[in-house]
Amino acid sequence: MEENYYSFYESPIGLIRIGGTESYISEISFIDNKDQLQYGKPGVSEIIHQCTEQLIEFFQGARKKFDLPIHQSGTEFQQKVWNQLTEINYGKTISYLDLAKKLGDEKVIRAAASTNGKNKISIVIPCHRVIGTHKNLVGYSGGLWRKKWLLQHEFRIANGIQVLF
């Protein structure tokens, strides 16, 4: 079993913890509580370094797609949801209902929303691009203010739009 490492990146929207191994990224999460700093082995693998560089490019508006090996444990359904999230284009949004329909059954809307909230690889798996059916901002483990910032950032870069919400 590979050793897990972690590092931190101070982004425009707060401290981000980047975790992974020599082979893949398994975590990109926002740190709001100092208790979240205390687990894992500090260190930077080549993959974590690449992830940090790509996040810097994303926040500078120079990167719209990530090219990183990623892995997070989950059920077959959860893997389908997370894979579907990676299909949402930069600067675009879909609703939770649209996500459920893309998964083949609108009745899975709650399960899809729950899985979206369990995503441990923020930004790279763009769970922030899923919004409410009435185009409202709902649910984001990093905080709605970050979701709003990320969406406005992407819309501004992709479309020249200054204010989305």
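Computed from the coordinates by the stated procedures, all read-outs in this text should not be read as laboratory data. Worth saying up front: this structure is predicted, and the values here are computed from it rather than measured. Don't worry about glycine lacking a Cβ; one is built from the backbone with ideal geometry, like all the others, and counts go over all protein chains shown.
Each principal axis of the Cα atoms in region 76-159 has its own extent, and those three values, largest first, are 33, 25, 20 angstrom. Taking a straight line from the alpha carbon of K107, these aspartates and glutamates sit under 12 Å away, with near neighbours fewer than eight places off in the same chain left out: D98. Here the chain yields Rg over Rh of 0.95, to two decimals, using C-alpha coordinates and the Kirkwood radius. In the chain, the DSSP beta bridges split such that about 65 percent are antiparallel, to the nearest 5. With the simple model of a label 7 Å out from the Cα in the direction of the Cβ, E53 to H134 spans 4.6 nm. Helix 76-85 and the longest principal axis of the C-alpha atoms of the chain enclose an angle of approximately 80°. Full extension of the chain between L68 and S141 gives 24.1 nm of extra length, using 0.36 nm per residue less the Cα-Cα distance. The protection proxy used here, the mean number of other Cβ atoms lying within 10 Å of each residue, ranks peptides 75-81, 131-137 as follows, highest first: 75-81, 131-137.
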